1. Just checking, which of N56, N33, N6 is under 16 Å from E337 (Cα atoms) and open to solvent by 60 Å² or more (accessible area, probe 1.4 Å)?
2. Scan region 292-341 for residues that are of a type in the set (G, A, S) and under 22 Å from the mean Cα position of the chain (by Cα) and jot them down.
3. If you take the residues in region 231-251 that are in contact with a strand residue (DSSP E or B) (Cβ under 6 Å, 6 or more places away or on another chain) and in a helix (DSSP H, G or I), which one is surrounded by the fewest Cβ atoms within 10 Å (Cβ to Cβ)?
4. Residues that are more than 30 Å from E337 (Cβ to Cβ), without any contact (Cβ under 8 Å) to a residue 24 or more places away in the chain and of a type in the set (G, A, S): does region 65-72 have at least one?
5. Within region 142-192, work out how many residues are more than 21 Å from A63 (Cβ to Cβ), outside any helix (DSSP H, G or I) and among the small types (G, A, S).
6. Taking P51 and the conditions (1) open to solvent by 60 Å² or more (accessible area, probe 1.4 Å); (2) closer than 23 Å to T349 by Cβ, which numbered condition does it fall short on, given that it satisfies the others?
7. For region 32-93, which helices (runs of 4 or more DSSP H) that fit wholly inside it have 3 or more residues that are within 20 Å of F319 (Cβ to Cβ) and basic (K, R)?
8. Select from region 121-137 the residues that are touching a residue at least 40 places away in the same chain (Cβ under 8 Å) and open to solvent by 30 Å² or more (accessible area, probe 1.4 Å) and write down the one among them that is nearest to E169 (Cα to Cα).
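The values are calculated or read from the model by the stated rules, or taken from the named source; none is laboratory data. Because the structure is predicted, anything quoted here is derived from the model rather than measured. Neighbour counts run over all protein chains shown; Cβ positions are idealised from the backbone, glycine included. The accessibility values were calculated without ligands, DNA or RNA, using every heavy atom of the protein model including side chains. Shrake-Rupley method; radii C 1.70, N 1.55, O 1.52, S 1.80 Å.
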Amino acid sequence: MKAAFNEDELRVIGKHTQFGIYGGEDTEAVSYNYPITPKENMLRMLRGEKPLWVPNQTLENNALQPLVMDDARARNFGGKDWFGIEWEYEPLTRAAMVKPGTRRLDDITNWRSLEFPDLRAIDWKKDYKERYEGKISQDRLTYFIIVNGFFERTADLTSFEDAFCYLLEEPEALTEFYDRLAEWHIELIKIAKEYYHTDMILFHDDMGTQISTFFSPQIYKELFLPQYKKVTKAAHDMGMYICLHSCGCIGSLMPLIIEAGFDAWEGQDSSNDKKAIMDQYGKELAQCTLFVIPADMSDEEAVAEVHKRVDELGVSGRFACRLKDEKPDRKVDLAQELYRYSRIRLAETK
């Protein structure tokens with residue numbers, strides 16, 4: 001039996017910086033009197049050991065998305081990304097999409113005409129020193145966000161319609177392009193480790209609609225699996241974990257995501273049966289998620305929703321979340337409730 005929860009664990013002992021990601025601003029957050037560091041707790045979850053509580057990544061991870069990366073700046077605010085694709089910011093969704101009518105590459109067989117950015121030409125050391133040095137909490141796990149993975153990059157360059165056609169008609173050209181793209185991503189992962197001292201990579205590549213995947217598992221196996229194996233091996237060889245962010249209903253791809261070597265999956269709650277996936281694959285693949293509590297939920301409903309998520313996913317010991325409460329004046333602190341309830345429930349389980 002693990003040590004029981006003590007309310008003194010939620011005593012505030014300091015403050016730390018939470019870095020803005022996806023266009024958000026840096027904020028200050030409180031640090032609590034946890035029995036172990038948030039980093040060790042998150043690592044236990046990733047290693048498949050039981051954490052003491054469900055990690056709340058919003059407060060307990062250092063999330064880094066340096067804006068010296070053209071991809072990050074374009075995806076968050078609009079403008080041109082690393083490959084010259086024009087993005088347009090949409091205020092209603094607070095996100096950017098490829099500008100309508102943009103077509104950076106007319107034919108995937110001409111991918112060699114693309115200029116791959118020289119990552120070493122960027123002054124990463126200066127960026128780290130000016131924005132992050134001395135501010136990164138050492139007792140929290142640090143993860144580095146990479147957007148625009150293999151499929152996303154193909155669609156952004158050519159359009160979704162043509163990307164689907166290329167999957168069927170141009171597998172050789174795609175494989176050659178992905179070979180080069182994998183090398184380039186591995187170089188970026190090296191930079192994340194070398195300059196930002198990263199513990200985990202969050203690699204974005206959405207692969208589905210609300211009801212199904214964009215393509216069959218066979219296409220994934222033939223075109224994407226070999227590339228992901230290179231990327232995950234590189235991260236592991238550097239002593240890092242790697243999580244795949246992939247939205248859409250992609251439950252049928254779970255065995256291949258595991259085979260690819262990902263340690264965790266950050267997926268979309270509204271299009272997946274997360275409990276069924278956890279029950280079947282949780283021992284081999286951890287789950288991370290953006291856990292949003294709507295503003296129209298009452299305090300009682302919100303607390304019940306937190307408890308449900310812990311009971312369904314958290315007690316597995318293979319679940320972490322970015323908790324976001326959209327009601328600013330809520331009377332109950334849901335971050336504290338997530339900690340308290342999951343700490344009690346996980347202490348009850350072996």
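1. Result: N6 is the single residue among N56, N33, N6 that is under 16 Å from E337 (Cα atoms) and open to solvent by 60 Å² or more (accessible area, probe 1.4 Å).
2. If the condition is that a residue be of a type in the set (G, A, S) and under 22 Å from the mean Cα position of the chain (by Cα), then G314, S316, G317, A320, A335 are the ones that fit.
3. Looking at residues that are in contact with a strand residue (DSSP E or B) (Cβ under 6 Å, 6 or more places away or on another chain) and in a helix (DSSP H, G or I), I get T232.
4. Within region 65-72 (the criterion being more than 30 Å from E337 (Cβ to Cβ), without any contact (Cβ under 8 Å) to a residue 24 or more places away in the chain and of a type in the set (G, A, S)), the answer is no, since none of the residues qualifies.
5. Residues that pass the stated criteria total 1.
6. If we test P51 against (1) open to solvent by 60 Å² or more (accessible area, probe 1.4 Å); (2) closer than 23 Å to T349 by Cβ, just (1) comes out false.
7. Qualifying helices (runs of 4 or more DSSP H): 38-47.
8. I122
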